[in-house]
1. Return the only residue of 152, 128 being in contact with a helix residue (DSSP H, G or I) (Cβ under 8 Å, 6 or more places away or on another chain), in a loop (DSSP other than H, G, I, E, B) and at pLDDT below 95.
2. Can you tell which of 47, 22, 54 is touching a helix residue (DSSP H, G or I) at 6+ places or on another chain (Cβ under 9 Å) and surrounded by 14 or more Cβ atoms within 10 Å (Cβ to Cβ)?
3. Please find, among 81, 7, 40, the residue that is out of contact with any helix residue (DSSP H, G or I) (no Cβ under 9 Å at 6 or more places or on another chain) and surrounded by 15 or more Cβ atoms within 10 Å (Cβ to Cβ).
4. If a residue counts only when it is closer than 22 Å to residue 4 by Cβ and either under 13 Å from the mean Cα position of the chain (by Cα) or at pLDDT 95 or above (or both), which strands (runs of 3 or more DSSP E) contained entirely in the stretch 29-125 have at least 1 such residues?
5. Could you give me the residue pairs with C-beta distances under 6 Å whose first residue belongs to the stretch 91-102 and is more than 21 Å from residue 64 (Cβ to Cβ), whose second residue is assigned to a loop (DSSP other than H, G, I, E, B) wherever it lies, and which are 6+ apart or on separate chains?
């Protein structure tokens, strides 16, 4: 098992290069539901956190009330894969929403963009804009080159992940 300090930078490299992630939740009938989101990942003081500005739609809210866990998956045409199994937490406070909004604006393309291009989100303090925080408990980085016997597959699981879903 890889140490988080080894896998987090490799995970972020793939995630920020691919940008768009398929994020799956589970509804109240235990049926999976996926959508494409645009997370920004931060690696600070030994902690990896994902942040995504998104609309708190009734479906997302209900799914995360049923189960606060998400699967975040990145894939590109070179078959580079980065996967994070996470606990998701809603943030509606102005400070967090403004900070993540500003992170999108400040990030270089293709990761960065101006969220105000979405009409409902003209401002980070609008109720139509919220932030989901992703706290990973399992990570996997699978470079496409590993399919050819080159490159290293990295796996990490939090020590306290025993109470997390398998």
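1. Among 152, 128, only 152 is in contact with a helix residue (DSSP H, G or I) (Cβ under 8 Å, 6 or more places away or on another chain), in a loop (DSSP other than H, G, I, E, B) and at pLDDT below 95.
2. From the options 47, 22, 54, the qualifying one is 54.
3. Values: 81 fails: out of contact with any helix residue (DSSP H, G or I) (no Cβ under 9 Å at 6 or more places or on another chain); 40 fails: out of contact with any helix residue (DSSP H, G or I) (no Cβ under 9 Å at 6 or more places or on another chain).
The match here is 7.
4. Because the criterion is at least 1 residues that are closer than 22 Å to residue 4 by Cβ and either under 13 Å from the mean Cα position of the chain (by Cα) or at pLDDT 95 or above (or both), the strands (runs of 3 or more DSSP E) in the stretch 29-125 that meet it are 40-44, 47-54, 69-75, 81-91.
5. What qualifies is 98/124.
The values are calculated or read from the model by the stated rules, or taken from the named source; none is laboratory data. Predicted model only: the values in this text are computed from it and were never measured. Backbone-built Cβ (ideal geometry, glycine too); neighbour counts: all protein chains shown.
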